[in-house]
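Nothing in this text is a laboratory measurement; each read-out follows from the coordinates by a stated rule. All figures in this text were calculated on a predicted structure; none of them were measured in a lab. All Cβ positions, even for glycine, are placed from backbone atoms using ideal geometry, and neighbour counts span all protein chains on display.
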Amino acid sequence: MRPNVLSLPASLLIGMLALGCDAYRQGPANSNDNLAGRNTSQITIEPVDRAGFDRVIAEHAGEVVLVDFWATTCPPCRTLFPHTVSLYRQLHSQGFAVVSMSLDQLSDKQRAREFLSQNGATFDNLISNYPDVEDVVEAFGIPDAIPYFTLYDRQGKLRFRFSPLFEDGKEGEPLDSLEPRIRELLAEK
């Protein structure tokens, strides 16, 4: 039985809280932890296509990069996002970077930016400039549902993909293996 996640059929976005993601949610996931001294009013969100996305990933050469594909219309994405922020805060000094990639419509850019500000997302924040969900799915190789995460090593090579749908390990990794894989790549020099 697959967990309930935000499915991406055609342009309809419907979601329920992902089951089986408790290990990813564990830990200090409070979105307001360590916000003192951070200027969250300066959080921006940049519209990109695939080439712009690839440019941002390349700018992080030498760092392990987690990409969090999410949408404000996705309850599981909103639930998991604070943990992404927490991981960034914990591991950034070790060469860890996060890129958030909103799959919201470009017309919802302000709502996405407000969500990012509320969560203290002081890393690179992107939003797809593709008009159709089908184009986004194709351009970024997203499986049937979000939340979806990709993890790049220090050389910029895509090493791991994570989704609640990847329970069997055939297509990628389940969400509960995300943090151990990050630490594994950070240990590589």
task: Among D176, D68, rank each residue by its count of other Cβ atoms within 10 Å, from fewest to most, as a rough exposure measure.
output: D176, D68
statement: Shape descriptors of segment 40-187 over alpha-carbon atoms, Rg and Dmax in angstrom, are 14.1, 41
- prompt: In which sequence would L165, L158 go, from the one with the fewest C-beta neighbours within 10 Å to the one with the most?
  reply: L158, L165
Spin-label model distance (nm) - T44 vs R154, 7 Å beyond Cα toward Cβ: 2.9
query: Using the Kirkwood formula over every pair of different C-alpha atoms, what hydrodynamic radius in Å results for segment 105-189?
result: 14.8
Label point distance in nm, L106-Q118, each placed 7 Å from Cα along Cα→Cβ: 2.5
query: Which distance in nm do the two modelled labels at A187 and E138 give, with both placed 7 Å along the Cα-to-Cβ direction?
result: 4.1
